[in-house]
Amino acid sequence: MKTDELRKNFLDFFKEKDHVIFPSDSLVPHDTSLLFTSAGMNQFKPYFLGEKKHIKRAASCQRCLRTGDLEEVGRTPYHHTFFEMLGNFSFGDYFKKETIEFAWEFLCKNLNMKKDDLWVSVYREDEEAYQIWKDYMGVEPRKIIKLGQEANFWPAQAPLLGPNGPCGPCSEIFFDKGKSAGCQRPDCSPGCDCSRFVEVWNLVFTQFNRVGENKLEALPQKNIDTGMGLERMASVLQGKNSNFQIDILAPLVENISGLLSVREPNPETVSLINAIVDHGRAVTFAICDGVFPSNEERGYIVRKLIRKAVWKANLLGRKKPFLYELPSLCADLMRGVYPQVYEEKDNISQIVLAEEEKFLHTLGEGRSQFSIIVEDLKKKGADTVKALDCFRLYDTYGFPLELSKEIAAAHNLKVDEEGFTVLLKEQQDRSRKKSMFAETIFEESKLPLSEVSRFSGYELLKVEGQILQLIKDNKYCSCLESGQEGLIVLDSTPFYPESGGQLTDKGIIKTKEGQFKVEAVFKVNEAIVHQGRVVEGRIVKGIAFACVDSGRRAALMRAHTATHLLQAALRQVLGPHVMQQGSLVDEDRLRFDFTHFNRLTDKQIKRAEEVVNEFILRADPVKKRVISYTEAKDEGALAFFKDKYGDSVRVVSISDYSKELCGGTHLDNTAGVGFFSIVSESSISSGVRRIEAVVGRQAYDNLKNIRDSVEQVSGLLRCKHKDLKTTVARLMDDLKKERAKNAQLEKKIISWRIEEVIKTKKKIKGRNFLVYSFTDKDYPLLLYLSDLLKKKIDSVFMFFISSFAGKDIFVCSVSADYIKKGFTCKKFISTFSKDLFLKGGGRDSCAQGVILSKPRGFLKKLDDCIKEFLIK
């Protein structure tokens, strides 16, 4: 049975059993506590918790991504990071008996599996499940294995170790490969960790609420959560010994084997290739769902998977990009079920290629640096790579900790992983913007803020409301006095809390006794919190008038609507692969991060700017409406994957070219934007670009500044505006000629000093070396001098220093015979870069760079290092 048939059969079977069939959720879950969707039950969490009750039975085939067993992927036949999970679910409807009956019927009747080949396990204290299998299903007692809570309870060992909350016993179904497989012991059973028994289905009976160690209370609503690994079941049905041999994975293995020129696979190469295939497939689906390589959270996982795949290929001798070819084949194999992957395959390949090239570029330098670290550790007799060294490689060269660990292990060394984690967290904390009041203060100070605020700012900028809470110094209070800073919670407010990239409203809250200047607004649970200070009188609980700064709100709306116009324009100019990756909406200023794999050309930037301004001139109405999330997605509304949406969503539509899920504030007509101007375009990570732009007043001011500058330059050059370009071109040409003449004169001058330089030549162990300092000489002149000296001195090591353009630069050069003896410039720089504060690179014969610090006694230290180098 093909994998696609298995998937369809499963869903059709449960549809006949009155289950609602849900499509696979995104790999980016709605549940913010999860990094990725890791199980079929994730999207049904509201039903399990009783928050939603209109559906009692459901089934799905969910694409999942897990990294908990990352190191096992490739080494075993069945582990994956990306896989599909078949599952059926009951929310307070049927329970153990029906679940077991459904499973047995599907396996034995629909899939025609032999009962003799199937075994089951139950939790040793779950007598009810044991009796159902034995008495109702007729399974022989010897084939029903009772196991402990570490194997047959979910979560594993929950009664003893926790966590508190819903849990329950589970029953697993195993396929028996036969007595000739695995350990071949007569007493072998599903409890054995050999490869004879393959777990194909896990039935979880969620019937308890854990309230303490070994304290389980019955749940009022008993739920069912089952999971069958699609790839694993396919391998059983197709008679394969590994998931990587099934119909949707074997072609990928064959493709990668060909790309890596692996013709005679052995267990080690098979392990590496399987892991590469898995990682490539995981990356393909993750990028399709909007997760791009980066150094944070989900993006870091994608980057790590790409780099691990490239590293494993490196071990097989591949030094060029290859992984980018896998998404296309993967998309072809999965096209029938996941057409969106097929539609995005070219874009996915480009993003993977960009990340591969970036990593391969830094990998060589990182490995070279790691070799120096290893050599130094061996000299000292140490066995652990310092956390600081690993972090420097990570921060400077993009060298993942995982690769440092693998290389270290190859040299029988350990890595200070805990120290690395501390350094990484410190860096993230430094770079992360911290507001004056973080949301966690309410947890720390035990202020739960259960109040509910109604946002009325879509229609009104002035609202009369009731002050529900006053907070000062993280404590509830009854009054805020003049000059005091604090927080106010209103029952109704026109102030928009910062979210979705849009900055907060500002303004004033007035009462009979005082005024409170609102400087920031944020949301905690369902409460909208106003942060600021009392500027007049005092504030007490009671009636208040909230007034938003209308000028700031108008500027924010211009920028926010323009952001939607920009995304629509980019999708027209660059293609439908453009998707939002982040944004900042400020007063008449915006920043928009989006998916694209190349730097935008000047022509593309100009065209995107033109399209946005065309949208503005069309004066199209900006429509807002609230509909269901499902309806919005069916209509093709764009959603930002980092945002979380409820059942009902606000959709902002502009004509036929823009439709997005958005809770922000917007204009009523595109004409209100006024004018749009792109200020800059840059890269922020592989496959993600950033555009910064201005609108409204700032766009006008920007244009005015440019016009004023043109007038000033035209005045200085004594030419008309229209002649400015040709005048500047002529001057640049003249300047180029003068610089060329100057360079020739500089070369003559420095050549006259060659004898003076030669006189400073020194020797150590019969080897010549030169150190000389200059003022105001740039790299080309120093390199020219080194070439002249090589003609004058047959055998020499040279190091020239010059103060140029506000920094100290250097050129290191050696004659050919020194290179043959191993005295290369590259080796000198890498060996003494820390001692001499050198930053640079080059070839064996020549290197150049900057001297980051030149403390007192630097020249003597340089002399000593050169002597040490030449003696060795």
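One table, with the values for the structure above:
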| read-out | value |
| --- | --- |
| Checking F810 against (1) buried (at least 17 other Cβ atoms within 10 Å of the Cβ); (2) modelled with pLDDT under 95, the condition it does not meet | (2) |
| All positions within the range 106-115 that are out of contact with any strand residue (DSSP E or B) (no Cβ under 8 Å at 6 or more places or on another chain) and part of a helix (DSSP H, G or I) | F106, K109, N110, K115 |
| Hey, S795 surrounded by 10 or more Cβ atoms within 10 Å (Cβ to Cβ), among the hydroxyl-bearing types (S, T, Y) and closer than 26 Å to K861 by Cα or not | yes |
| Among the candidates T727, T670, residue that is open to solvent by less than 60 Å² (accessible area, probe 1.4 Å), farther than 30 Å from I819 by Cβ, of a type in the set (V, I, T) and in contact with a strand residue (DSSP E or B) (Cβ under 7 Å, 6 or more places away or on another chain) | T670 |
| Odd one out for D376 among (1) in a helix (DSSP H, G or I); (2) over 30 Å from K834 (Cα atoms) | (2) |
| Residue satisfying all of: in the range 688-706; touching a helix residue (DSSP H, G or I) at 6+ places or on another chain (Cβ under 9 Å), on the phi < 0 side of the Ramachandran plot and not in a strand (DSSP E or B); least open to solvent (accessible area, probe 1.4 Å) among these | A699 |
| Out of S803, S751, S714, sole residue that is hydroxyl-bearing (S, T, Y) and within 46 Å of the chain's Cα centre (by Cα) | S803 |
| Condition check for V452: assigned to a helix (DSSP H, G or I) and at pLDDT 65 or above | no |
| Inter-residue pairs, beta-carbon under 9 Å, first under 28 Å from V694 (Cβ atoms) and of a type in the set (S, T, Y) and in the range 706-731, second surrounded by 10 or more Cβ atoms within 10 Å (Cβ to Cβ) and at pLDDT 90 or above, 6+ apart | S714/D723; S714/L724; S714/T727 |
| Extreme residue, least open to solvent (accessible area, probe 1.4 Å), among residues of the range 185-222 that are without any contact (Cβ under 8 Å) to a residue 12 or more places away in the chain and not in a strand (DSSP E or B) | C188 |
| Among residues of the range 622-649, those that are surrounded by 14 or more Cβ atoms within 10 Å (Cβ to Cβ) and either at pLDDT 95 or above or part of a loop (DSSP other than H, G, I, E, B) (or both), counted | 9 |
| Enumeration of residues in the range 36-68 that are among the basic types (K, R) and surrounded by fewer than 22 Cβ atoms within 10 Å (Cβ to Cβ) | K45, K52, K53, K56, R57, R66 |
| The listed residue being among the charged types (D, E, K, R), crowded, with 21+ Cβ neighbours inside 10 Å, out of contact with any strand residue (DSSP E or B) (no Cβ under 9 Å at 6 or more places or on another chain) and part of a helix (DSSP H, G or I), out of R281, R303, R307 | R307 |
| Any hit, the range 207-230, residues being more than 24 Å from E98 (Cβ to Cβ) and modelled with pLDDT of 95 or more | no |
| Among residues of the range 291-300, those that are open to solvent by 10 Å² or more (accessible area, probe 1.4 Å) and either under 17 Å from L353 (Cβ atoms) or in a loop (DSSP other than H, G, I, E, B) (or both), counted | 4 |
| Residue match in the range 737-755 (condition: of a type outside the set (S, T, Y), over 30 Å from F800 (Cβ atoms) and either surrounded by fewer than 16 Cβ atoms within 10 Å (Cβ to Cβ) or touching a residue at least 12 places away in the same chain (Cβ under 8 Å) (or both)) | no |
| Where N241 falls short, out of the listed (1) in contact (Cβ under 8 Å) with a residue 40 or more places away in the chain; (2) assigned to a helix (DSSP H, G or I); (3) open to solvent by 10 Å² or more (accessible area, probe 1.4 Å); (4) in contact with a Pro (Cβ under 9 Å, 6 or more places away or on another chain) | (2) |
| Only one of S655, S685 that is open to solvent by 60 Å² or more (accessible area, probe 1.4 Å) and touching a residue at least 12 places away in the same chain (Cβ under 8 Å) | S655 |
| K45 vs. criteria within 29 Å of the chain's Cα centre (by Cα) and basic (K, R) | yes |
| Residue within the range 663-674 that is at pLDDT below 95 and outside any loop (DSSP other than H, G, I, E, B) present | no |
| Output for the range 507-552, where each listed residue is over 29 Å from D588 (Cα atoms) and small (G, A, S) | G514, G537, G542, A544 |
| Whichever residue in the range 418-433 is at pLDDT below 80 and of a type in the set (S, T, N, Q) and, among such residues, is surrounded by the most Cβ atoms within 10 Å (Cβ to Cβ) | Q427 |
| Every residue from the range 841-867 that is surrounded by fewer than 16 Cβ atoms within 10 Å (Cβ to Cβ), in contact with a Gly (Cβ under 9 Å, 6 or more places away or on another chain) and not small (G, A, S) | V850 |
| Failed condition for A382, given (1) assigned to a loop (DSSP other than H, G, I, E, B); (2) within 26 Å of K319 (Cβ to Cβ) | (2) |
| Only listed residue being more than 20 Å from E519 (Cα to Cα) and modelled with pLDDT under 80, chosen from F399, F442, F437 | F399 |
| Test set (1) under 36 Å from the mean Cα position of the chain (by Cα); (2) open to solvent by less than 70 Å² (accessible area, probe 1.4 Å) - C477 fails condition number | (1) |
| Any hit, the range 83-105, residues being in a helix (DSSP H, G or I), under 29 Å from the mean Cα position of the chain (by Cα) and among the basic types (K, R) | no |
| Residues of the range 117-143 that turn out to be assigned to a strand (DSSP E or B) and open to solvent by less than 10 Å² (accessible area, probe 1.4 Å), as a count | 4 |
| Positions within the range 562-600 being open to solvent by less than 20 Å² (accessible area, probe 1.4 Å), part of a loop (DSSP other than H, G, I, E, B) and among the hydrophobic types (A, V, I, L, M, F, W, C), in sequence order | V578, L600 |
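One line per residue, one yes/no per condition, for (1) under 26 Å from the mean Cα position of the chain (by Cα); (2) closer than 18 Å to L661 by Cα:
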site	(1), (2)
G537	no, no
A546	no, no
A554	no, no
H560	yes, yes
H564	yes, yes
V573	yes, no
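The values are calculated or read from the model by the stated rules, or taken from the named source; none is laboratory data. This is a predicted model, so every value here is computed, not measured. No Cβ is skipped: glycine too gets one built from the backbone with ideal geometry, and neighbour counts run over all protein chains shown. Keep in mind that these areas ignore ligands, DNA and RNA; they rest on the heavy atoms of the full protein, side chains included. Shrake-Rupley method; radii C 1.70, N 1.55, O 1.52, S 1.80 Å.
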